[in-house]
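J.: The structure that follows is given in the form of C-alpha cells.
Derivation of every value follows stated rules applied to the coordinates shown; laboratory data play no part. Quick caveat, the model's predicted, so the values are computed rather than measured. So basically every Cβ, Gly included, is an ideal-geometry build from the backbone, and we count neighbours across all protein chains shown.
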Amino acid sequence: MSAHPHFVLGLDLDGTCADFYGRMREIAAVYTKQALADLPTDVEWSLSNWGIGEDDYENFHRYAVVEHQLFETMPPLPGAPEALDRLAKEGIRIRIITHRLILSSLHEMTVLQSVRWLDAHHIPYWDLCFMREKDDVNADLYVEDAPHNVLRLQEAGADVVVFANGTNVALEHTSNRVATWDEAEATIRDRYYRWLERHSLSLPSRPGEAPSWFEAGNAPATS
Ligand SMILES: [Mg+2]
C-alpha cells in the first residue's frame with residue numbers, strides 16, 4: 001500500500017502535448033492537393049476551412065494514420081516534453097487520457113504509433129488510457145483542448161487546464177486557459193503545490209527536483 005496519495009494529472013495528447021493540428025494541416029495539403037501555404041493555420045473544429053468536411057473526416061483520418069503515421073510524426077508542442085519531465089520528477093503521476101481509437105481497423109496502428117511517439121519524446125507517464133468519456137478516469141487535474149471534453153469534465157466538477165487553440169475559442173473566458181507550456185506548467189505546478197500543502201507533504205526545492213518524500217525519482221514511497 002502506498003504511504004502517500006498521489007496527485008494524478010489527466011493529460012490529453014492531441015492539441016495539448018502534440019501538435020495534432022499542425023501535422024494534420026500538412027497532411028491535409030497533400031490529401032486535398034493544395035499548397036500548404038494556402039491552408040489557413042487557424043484550425044476549425046470540422047477542418048472545413050482546409051477542404052475537409054465532416055463527411056470526409058473518416059477517410060482523411062485513415063489516410064493520415066496509415067499513409068503518414070500521424071500519431072508518430074506529429075511534433076510535440078513547444079516545451080511540452082520538458083515541462084512534463086520536470087513535473088513528473090516533482091512527483092506528479094501522469095495519466096494520459098486520449099480518444100484516438102476512432103476507427104476500429106486502426107487500433108493496432110494507433111496504439112503502436114502513440115507509444116512510440118511517447119517514448120521518442122521521453123514523455124513520462126504512469127497510465128495510458130484510450131478513452132472517449134474522459135471523466136470516467138479519475139484525475140486531480142486535467143489538461144484538455146476539445147470544447148466538448150472541457151465542458152463535460154467541468155460539469156463533472158473536475159478542475160481543467162484548457163489549452164488554447166482554434167477549436168476552443170468559444171471557451172475564451174474559461175479560467176485556467178493557457179496558450180503555452182510555460183503557462184501550463186506554472187498552472188499545473190501551482191495546483192500541485194497547493195495539493196501537497198493540503199496533504200502536509202513537503203514541496204520540491206525547485207522545479208524538476210524530487211521532494212524529500214518522493215523516493216528514487218519514479219518510484220512511489222511504499223509501506
Ligand atoms: Mg485534444
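J.: Tell me the mean residue ellipticity at 222 nm calculated for the chain from its helices only (DSSP H runs of n ≥ 4, each -39500 (n - 2.57), averaged over every residue, nearest 500).
T.: That comes out to -11000 deg cm²/dmol.
J.: Which of rounded, prolate or oblate describes the stretch 123-223 when judged by the alpha-carbon gyration tensor and an a/c cut-off of 1.5?
T.: Cα axes put the stretch 123-223 in the prolate bin.
J.: Out of Trp50, Trp213, Trp117, any idea which swings most in a Gaussian network model of the chain, alpha carbons joined below 10 Å?
T.: Judging by the Gaussian network model, the answer is Trp213.
J.: Hey, another quick one. Determine the shape class of the stretch 1-48: with a ≥ b ≥ c the square roots of the Cα gyration tensor eigenvalues, call it rounded for a/c under 1.5, and otherwise prolate if a/b is greater than b/c, oblate otherwise.
T.: It is prolate, given that a/c is not under 1.5 and a/b is the larger ratio.
J.: Excluding Arg132 itself, what net charge comes from residues whose Cβ is under 15 Å from its Cβ, given Lys and Arg +1 and Asp and Glu -1?
T.: Computed value for this residue: -3.
J.: If you take every residue apart from Trp45 with its C-beta less than 12 Å away from the C-beta of Trp45, what net charge results, scoring Lys and Arg +1 and Asp and Glu -1?
T.: On the way: positive: none; negative: Asp42, Glu44, Glu54, Asp145.
Net of charged neighbours comes to -4.
J.: In percent, what relative contact order does the chain have, based on Cα pairs under 8 Å that are 6 or more apart in sequence?
T.: 28
J.: Using Cα-Cα distances under 8 Å and only pairs 6 or more residues apart, what relative contact order does the stretch 21-73 have, in percent? Each step should come with its number before you reach the end.
T.: On the way: 37 pairs, mean separation 18.2, N = 53.
Result for the stretch 21-73 is 34 percent.
J.: Okay, next question. Most mobile of His173, His61, His99 per a Gaussian network model of the chain (Cα springs, under 10 Å)?
T.: His173
J.: Just grab the label-to-label distance for Lys33 and Val137, each label 7 Å out from Cα along the Cβ direction, in nm (one decimal).
T.: 4.0
J.: Once both labels are modelled 7 Å past Cα along the beta-carbon direction, what's the Thr174-Ser202 spacing in nm?
T.: 3.7
J.: May I ask you to list the GluC sites (Glu not before Pro) in the stretch 41-93 that are in a DSSP loop and have at most 14 other Cβ atoms within 10 Å of their Cβ?
T.: In loop regions of the stretch 41-93 (DSSP not H, G, I, E or B), the sparsely surrounded GluC sites (Glu not before Pro) are Glu44.
J.: Sticking with this structure for a sec: Find out how many positive minus negative residues lie around Gly208, taking Lys and Arg as positive, Asp and Glu as negative, among other residues whose Cβ is under 15 Å from that of Gly208.
T.: Counting the neighbours of Gly208, the net charge comes to -2.
J.: Separate question: Would you mind getting me the FRET efficiency between Glu209 and Leu128? Use the beta-carbon distance for r and R0 = 35 Å, nearest 0.05.
T.: Approximately 0.85, to the nearest 0.05.
J.: On to the next question. Indicate, rounded to the nearest 5 percent, the antiparallel portion of the DSSP beta bridges found entirely in the stretch 1-128.
T.: 10
J.: Would you mind finding the longest exposed-site-free stretch of the chain, with exposed trypsin sites (Lys or Arg not before Pro) meaning DSSP loop and at most 16 other Cβ atoms within 10 Å? Walk me through the numbers on the way to the answer.
T.: Numbers: sites that count: Lys33, Arg132.
Maximal segment without exposed cleavage sites: 34-131.
J.: Further, regarding this structure: Calculate, in nm to one decimal, what Arg194 and Asn49 gain on full extension: separation in residues at 0.36 nm each, minus their alpha carbon distance.
T.: Length gained, Arg194 through Asn49: 48.0 nm.
J.: Same structure, new question: In the Gaussian network model of the chain, springs joining C-alpha atoms below 10 Å, which of Leu39, Leu153, Leu13 carries the largest mean-square fluctuation?
T.: The residue that fluctuates most here is Leu39.
J.: Can you sort Phe60, Phe130, Phe20 from fewest to most other Cβ atoms within 10 Å of each residue's own Cβ?
T.: Fewest-to-most Cβ neighbours within 10 Å comes out as Phe130, Phe60, Phe20.
J.: In Å, what Rg and Dmax follow from the Cα atoms of the stretch 21-73?
T.: Using the Cα atoms of the stretch 21-73, the pair Rg, Dmax is 10.0, 25 Å.
J.: A follow-up question, please. Please compute one quarter of the surface area of the Cα convex hull for the chain and express it in square nanometres.
T.: For the Cα atoms of the chain, the hull's average projected area reads 12.8 nm².
J.: Now, a different point. How much of the DSSP beta bridge set in the chain is antiparallel, as a percent to the nearest 5?
T.: Looking only at bridges with both residues in the chain, the antiparallel portion is about 10 percent.
J.: Is the stretch 53-167 best put as rounded, prolate or oblate by its Cα gyration tensor, with a ≥ b ≥ c the root eigenvalues, rounded for a/c under 1.5, and otherwise prolate when a/b is larger than b/c, oblate when not?
T.: Oblate shape, in that a/c is at least 1.5 and b/c is the bigger or equal ratio.
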